[in-house]
Amino acid sequence: MTTALHPAEHPHSPVSLGVAGLVKRFGAVQALSGVTLDFPGGEVTALMGENGAGKSTLLKVLTGDHQPTEGHVVIDGEHVVLDSPAKARAAGIRIIPQEPEIIPHISVAENVYAGALPRRRGRGFDRAELRRRIRADLQRLGFDGVLDSALLGSQLTPAQRQLVEIMRALTGDSEPRLIAFDEPTSSLSEHEVDALFTLIRRLRDQGIAIVYVSHRMQEIFQLADRIAVLRDGGLAGVQDAAATDEAALVRLMVGRDLSAMFSRERVTPGRLVLDVQGVTTDDVTGIDLQVHAGEVVGLAGLIGAGRSELALALAGDLPVRSGTATLDGVPLRFGSPGQVIRAGLGLAPEERKAQALFLQRSIRDNTATVVLGRLRRFRFVRRAAEKKVAQEYVDRLRVRTPSIEHEVRKLSGGNQQKVVLARWLARKPKVLILDEPTRGIDVGAKAEIYQIIADLAEEGVALLVISSELPELLGLADRVVVMQGGRITGELDRGEATEESILALAMADDIVGAHAPGASA
């Protein structure tokens, strides 16, 4: 049986579901402390907070994965015990996890109805009925044309994996009363995000309670009716989305104003460290760029401008067709990442999970990977020295972890990014390129990353920061260099850089770019 989504055919009263006095302890750690919060039917409640604020614990109590130490889940005014995920599902509570759990060797249809496949007496499951059911549900949910039911789980894109999880939540024998989406857009394109938001609004309009967990402020204000903020396991406040703003939410999440996150003063640049002249690759043309000691240079531009490609070329990971670069006056050997690292240039790439981290390895392994040469003795790595280095930078960057032997994949996004930074701090680079250093991490972790950048500049490191968040660049950078179409279209000093001036250069055509201040010849 599948759940109909047409209000005229299946009207239902507003959902009454929430938590009262919720406390959850794990040994000496109190993850939730006295949270009372309702999730009204027919509304989208955004759930925000730093990593470690209690969001995941609250969701796991709702879905029966955790039992509260004190307090209750409340449905229709009555305290209920959800002591298993099966009971939570029977009560109509669903969660769309951030990392979809897809069985790789079976089809989309079998993944959607896993555990509830239509059966034939004595002959396994009924494939004809399965095909009929999946076709009907794909059409009903608006996914036909974007999800092929015959594809294997291993063949799905990240967006398609997310759609399979959504279908699981919206099919079955019990009608959904509350659906929680945990960072659902992290792997979706803009078009796919629009389709997801359309579906969420349909569900909301039918009286279902929606819980939407995200760090992305723009999405929150686009979608939410109300915003609940957790801080240190407690409920910091609930705001009407139409009557609040980003600054107020940041104050609730971290206890201080957004402006306090950027503490750098104007600096006098030191010696010229990185000097790029006329660098041309398959993606960028005639790039001239200089970064001085103690200076933060922001690199701005729209998607496809060539910023990441320039960073990868300088780091030796993409071929350079012409041009030169020197580091402290010494020529860089393009196409040789090892030589670039030895010369003193480090890169924290945009895709930290795919390009920077060994997810199945420990924090110790990830931190020490670029300094193993100096930790060796007679061709053997000195484990005590390796542990000392890793612990030093875990402590310095305040990585939240039980130990340096903890697997990196089990860390939050912000702490994973700190491990990437710890690696390069251990190497003590002269130039550090940071590509989207705060993407996908919460506001509190962002503030810590900003402080790390400020500290590195104070120590004399030359920093090139690529970011699509203009307030971030304006707060961090001493200069902003803007790219469009693989070329530099202009350069703005800290005093003249605004969101409007950056966007004007980012959208400049080739003729404007050729005459813009600071443009490449």
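For a quick check of your reading: which helices (runs of 4 or more DSSP H) sit entirely within the range 133-228 and have at least 1 residues that are closer than 22 Å to P104 by Cβ and outside the structural domain of A91 (by TED's automatic domain parsing)?
158-169
In the list L37, L32, which residue meets the criterion of being buried (at least 19 other Cβ atoms within 10 Å of the Cβ) and either at pLDDT below 90 or within 30 Å of the chain's Cα centre (by Cα) (or both)?
Sole residue among the options that is buried (at least 19 other Cβ atoms within 10 Å of the Cβ) and either at pLDDT below 90 or within 30 Å of the chain's Cα centre (by Cα) (or both): L32.
Go through the residues of the range 382-396 one by one and say whether even a single one is surrounded by 20 or more Cβ atoms within 10 Å (Cβ to Cβ) and assigned to a loop (DSSP other than H, G, I, E, B).
Within the range 382-396 (the criterion being surrounded by 20 or more Cβ atoms within 10 Å (Cβ to Cβ) and assigned to a loop (DSSP other than H, G, I, E, B)), the answer is no, since none of the residues qualifies.
For the subset of the range 445-497 comprising residues that are closer than 20 Å to L274 by Cα and part of a helix (DSSP H, G or I), which member is farthest from the chain's Cα centre (by Cα)?
Applying the filter and picking the extreme gives E458.
Considering only the range 321-349, state which residues are surrounded by fewer than 20 Cβ atoms within 10 Å (Cβ to Cβ) and within 16 Å of T280 (Cβ to Cβ).
Selection gives R321, S322, G323, T324, G335.
Output the residue which, of all residues in the range 110-158 that are small (G, A, S) and closer than 22 Å to A86 by Cβ, is nearest to the chain's Cα centre (by Cα).
A114
Going through the range 196-226 one residue at a time, which ones are surrounded by fewer than 16 Cβ atoms within 10 Å (Cβ to Cβ), more than 25 Å from V19 (Cβ to Cβ) and in contact with a Gly (Cβ under 8 Å, 6 or more places away or on another chain)?
Selection gives T198 alone.
Counting only residues that are part of a loop (DSSP other than H, G, I, E, B) and modelled with pLDDT of 80 or more, which one in the range 359-381 is surrounded by the fewest Cβ atoms within 10 Å (Cβ to Cβ)?
Going through the qualifying residues, I end up with Q360.
Considering every residue within the range 75-86, establish whether at least one is in contact (Cβ under 8 Å) with a residue 24 or more places away in the chain and surrounded by 20 or more Cβ atoms within 10 Å (Cβ to Cβ).
Within the range 75-86, none of the residues are in contact (Cβ under 8 Å) with a residue 24 or more places away in the chain and surrounded by 20 or more Cβ atoms within 10 Å (Cβ to Cβ).
Just to be sure before I move on: is E50 out of contact with any Ser or Thr (no Cβ under 8 Å at 6 or more places or on another chain) and either modelled with pLDDT under 85 or surrounded by 15 or more Cβ atoms within 10 Å (Cβ to Cβ) (or both) in the structure I sent?
In short, yes.
Of everything in the range 148-164, what is surrounded by fewer than 23 Cβ atoms within 10 Å (Cβ to Cβ) and touching a strand residue (DSSP E or B) at 6+ places or on another chain (Cβ under 8 Å)? Give them in sequence order.
S149, A150, L151, L152, G153
Can you pull out every residue in the range 90-135 that is under 17 Å from E175 (Cα atoms) and modelled with pLDDT of 85 or more?
Listed by number, the residues that qualify are A90, A91, G92, I93, R94, I95, I96, V112, Y113, R133.
Sort through S467, S403, S412 and tell me the only one that's of a type in the set (S, T, N, Q) and at pLDDT below 85. Give the steps one after another, and end with the answer.
Values: S467 fails: at pLDDT below 85; S403 fails: at pLDDT below 85.
Going through S467, S403, S412 in turn, the sole match is S412.
The values are calculated or read from the model by the stated rules, or taken from the named source; none is laboratory data. This one's a predicted model, so the numbers in the text were calculated from it and none came from an experiment. Every residue, glycine as well, gets a Cβ built from its backbone with ideal geometry; the counts of neighbours run over all protein chains shown.
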